[in-house]
Amino acid sequence: MEQKFKRSFDELKNIVTMTEALFLREGIQPELRHVVDLATEELFVNMVTYDIETDEEILIEMKAHDHGVEVSLTDYDVERFDPTAAGIVDVEAPLDERTPGGLGLYLVLKMVDSIHYEYRNRQSRITFIVDRK
């Protein structure tokens with residue numbers, strides 16, 4: 001299942017609807033849903049927020065994968081930003097010593113079972129997998 005979404009936070013409800021349809025159609029275990037929704041939302045929001053040099057829509061592809069779900073987000077005509085290489089967040093540091101930002105990506109990297117980043121021809125593609133454990 002794939003769909004393009006406008007670069008707008010208003011699209012989040014449509015992305016959740018897409019995830020719901022995939023889970024129903026493929027009979028995917030519902031307990032995986034919150035991780036898929038959270039990771040997809042965080043990556044989409046980051047693309048909309050930080051890849052401001054483009055007006056291109058963002059392609060989201062979702063499919064059943066072995067014992068879970070594989071999701072890819074592709075952003076077009078953008079600069080390279082590899083979320084898998086994002087700096088480590090010190091979650092033990094006191095709040096007044098932390099630098100704002102990065103916590104959402106940190107959570108995504110901790111929650112998904114695998115994540116892969118590709119960049120070529122000004123296309124940024126992030127693919128993650130969430131499996132039944």
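The values are calculated or read from the model by the stated rules, or taken from the named source; none is laboratory data. Given the structure is predicted, the values throughout are model-derived calculations rather than measurements. Positions of Cβ are backbone-derived with ideal geometry, glycine not excepted, and every protein chain shown enters the neighbour counts.
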Could you list, in sequence order, the residues of the stretch 43-57 that are out of contact with any strand residue (DSSP E or B) (no Cβ under 7 Å at 6 or more places or on another chain) and surrounded by fewer than 17 Cβ atoms within 10 Å (Cβ to Cβ)? Val45, Thr49, Tyr50, Ile52, Glu53, Asp55
So, in the stretch 4-42, exactly how many residues are at pLDDT 95 or above, outside any helix (DSSP H, G or I) and crowded, with 16+ Cβ neighbours inside 10 Å? 2
Any residue that is under 24 Å from Ile15 (Cβ atoms), modelled with pLDDT of 90 or more, among the aliphatic types (A, V, I, L, M) and over 14 Å from the mean Cα position of the chain (by Cα) - is there at least one of those in the stretch 110-125? no
Is at least one residue of the stretch 58-81 surrounded by fewer than 16 Cβ atoms within 10 Å (Cβ to Cβ) and in a helix (DSSP H, G or I)? no
Six or more apart or on different chains, Cβ under 6 Å: which pairs go from a residue in the stretch 31-55 that's free of Cβ contacts under 8 Å to residues at least 24 places away in the same chain to one that's in a helix (DSSP H, G or I) and polar (S, T, N, Q)? Could you list them? Asp37/Thr19
